[in-house]
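Notes follow the structure.
The values are calculated or read from the model by the stated rules, or taken from the named source; none is laboratory data. For clarity, every value in this text was computed on a predicted model and none was experimentally measured. Note that we place each Cβ from the backbone using ideal geometry, even for glycine, and neighbour counts take in every protein chain shown. Remember, those area values only see protein heavy atoms, side chains included, never the ligands or the DNA or RNA. Shrake-Rupley method; radii C 1.70, N 1.55, O 1.52, S 1.80 Å.
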Amino acid sequence: MNIVEIIEKKRNGGKLSKEELAFWIEGVMDGGVPDYQTSALLMAIYFRGLDMEEITDLTGEMAASGDQVDLSMIPGIPVDKHSTGGVGDTTTLITGPLVAACGGRVVKMSGRGLGHTGGTIDKLEAIPGMRTALTIDQFIAQVSRIGLAVAGQSAQLAPADKILYALRDVTATTDSLGLIASSIMSKKLASGAKAIVLDVKVGSGAFMKKLDDAIALAQAMVKIGQGHGRNTRALLTNMDQPLGRAVGNAIEVVEGIEVLQGKHAESDLRKVSLMLAENMLLAAGVYPDVQSCKRALHEALASGRALEKLGEMIAAQGGDARVVQHPERLGRGACRLDVKNASGGYVSAIDTQCIGHAALLLGAGRRKKEDAIDPLAGLLMRARLGQKLAPGETLATLFASDEALLAPAQVALLSAVTLRESPVQVPPLCYGWVDEAGFHPTK
């Protein structure tokens, strides 16, 4: 087998076999295929595409390039939830405890934030003492005992993806649907969950700006999961504004805790979290139908059992569990600024990616993986799509540890919010879901 022949075959529109894809990925890992030839193949894939069988086979080879976690010792069907990235998206801190409180087994391996999207591990590490580096044995033991663990991803999970992603980034091939789906799902398969719920974001703060593209990605990922024996389903949710009002790290943890305390009853964050939790319970077979899931989740929320479960997880991972009753212990940046609009009107658009960039400017995010973040930095959005604002009303409140960071973030935030004189229609919170049967739009 010859890598030049494989490149030529794909360049000419041919279909790559499982053996050819395995040869390529093996060469990526052992150095037998140099970067320049992998880059050429990535470009051929970008222009010619991959069919569903190729995507599924490639994902399997990438998952097998490193450690593959065996979670068979965990009772029941371990379930994972993955978001394609957004702003103010604190759903993991809410759905995990909710599902665990209802008898599910939540196995979540998360990453750190980069650019305008926040990382779950960064948020958790805003809790004093919180440990996110767990061994596999520690991870399995914790899930078996309390039903929930959230830990950082091992460097050896799908290492081929890290190599390919770095090359895609410098060869302008990042937005190939097949490569995106393989990248995400290779890590999910290697993480070992038997049920996977995907939250595919759509809108100005998402990687997928258009609904049709998001549906195509969701369908590809669901087919990959099902093709590898994982019960997989996806929701398509709106990211045309931050999901929660809080954007940052400690500030998002506070909002997540408040939802579990029963606050923010009508918030988008709570609604999406409950939808995801319902699907996690269904995918894991904990309850037979949606109505049973809804009843169990609302009871877990109302009784305080979900909040207690979050406290159990924090304590198990060395964190200060007192924050679940007193989230104010987490604090905020000492420097504060209320950003006000000059004119009145209805909020017609929010550039959510720009909101995420404002949080980064405050110190809440990182441009490079090695950058440090300020857990106390962030912002609290006051304006929401469709809301009518009078002149001089507060759009958002900024928090930073250095006063000099407030002004640049204010400029970014003001540019992100658009007002108009007449009322606007707010897009749906959830566009629908994808399962093995296809896309089902929300009615």
Which members of the range 207-232 meet the condition of being touching a strand residue (DSSP E or B) at 6+ places or on another chain (Cβ under 8 Å) and open to solvent by less than 50 Å² (accessible area, probe 1.4 Å)? MET208, ALA214, ILE215, LEU217, ALA218, MET221, VAL222, ILE224, GLY225, ARG230, THR232
Residue that is surrounded by the fewest Cβ atoms within 10 Å (Cβ to Cβ), among those in the range 61-80 that are modelled with pLDDT of 95 or more and assigned to a strand (DSSP E or B): ASP80
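Okay, residues lined up against (1) farther than 22 Å from ASP67 by Cβ; (2) crowded, with 24+ Cβ neighbours inside 10 Å; (3) hydrophobic (A, V, I, L, M, F, W, C); (4) in contact (Cβ under 8 Å) with a residue 40 or more places away in the chain:
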{"site": "LEU167", "(1), (2), (3), (4)": "no, no, yes, yes"}
{"site": "SER186", "(1), (2), (3), (4)": "no, yes, no, yes"}
{"site": "SER204", "(1), (2), (3), (4)": "yes, no, no, yes"}
{"site": "MET239", "(1), (2), (3), (4)": "yes, yes, yes, yes"}
Of all residues in the range 299-328, which are open to solvent by 50 Å² or more (accessible area, probe 1.4 Å), more than 11 Å from ALA101 (Cα to Cα) and either touching a Cys at 6+ places or on another chain (Cβ under 6 Å) or in a helix (DSSP H, G or I) (or both)? ALA302, ALA315, ARG322, GLU328
How many of the residues in the range 219-242 are polar (S, T, N, Q) and outside any strand (DSSP E or B)? 3
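For residues that are farther than 30 Å from SER39 by Cα, open to solvent by 20 Å² or more (accessible area, probe 1.4 Å) and of a type in the set (A, V, I, L, M, F, W, C), tally how many sit in the range 131-165.
4
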Output the residues belonging to the range 171-182 that are in contact (Cβ under 8 Å) with a residue 60 or more places away in the chain and assigned to a helix (DSSP H, G or I). LEU177, GLY178, LEU179, ALA181, SER182
Single match in VAL259, VAL272, VAL247, VAL253 (criterion: assigned to a helix (DSSP H, G or I) and out of contact with any Lys or Arg (no Cβ under 9 Å at 6 or more places or on another chain)): VAL272
For SER39, work out the one condition from (1) farther than 30 Å from GLY356 by Cα; (2) open to solvent by 30 Å² or more (accessible area, probe 1.4 Å) it doesn't fulfil. (2)
Residue among GLN353, GLN410 that is within 30 Å of GLN219 (Cβ to Cβ) and not in a strand (DSSP E or B): GLN353
For the range 355-369, which positions are in contact with a strand residue (DSSP E or B) (Cβ under 9 Å, 6 or more places away or on another chain), within 14 Å of VAL417 (Cβ to Cβ) and not small (Gly, Ala, Ser)? ILE355
Looking only at the range 408-443, and only at residues there that are touching a Cys at 6+ places or on another chain (Cβ under 9 Å) and open to solvent by 70 Å² or more (accessible area, probe 1.4 Å), the one that is farthest from SER204 (Cα to Cα): THR442
Could you list, in sequence order, the residues of the range 188-218 that are assigned to a helix (DSSP H, G or I), closer than 23 Å to LEU274 by Cα and under 17 Å from the mean Cα position of the chain (by Cα)? LYS188, ALA214, ILE215, LEU217, ALA218
List the number of the failed condition for GLU53; all other conditions in (1) within 27 Å of the chain's Cα centre (by Cα); (2) not in a helix (DSSP H, G or I) hold. (2)
Please determine, by comparing only the residues of the range 370-382 that are surrounded by 20 or more Cβ atoms within 10 Å (Cβ to Cβ) and touching an Asp or Glu at 6+ places or on another chain (Cβ under 8 Å), which one is farthest from GLY111 (Cα to Cα). GLY378
Given (1) at pLDDT 95 or above; (2) touching a Pro at 6+ places or on another chain (Cβ under 9 Å); (3) open to solvent by 10 Å² or more (accessible area, probe 1.4 Å), where does GLY331 come up short, assuming only one miss? (1)
Got a sec? Which of ALA396, ALA390 is in contact (Cβ under 8 Å) with a residue 24 or more places away in the chain and either open to solvent by less than 20 Å² (accessible area, probe 1.4 Å) or within 19 Å of GLU125 (Cβ to Cβ) (or both)? ALA396
Any pair with Cβ under 8 angstrom, 6 or more apart, that starts in the range 245-256 at a residue that is closer than 11 Å to MET381 by Cβ and ends at one that is assigned to a helix (DSSP H, G or I) and basic (Lys, Arg): none
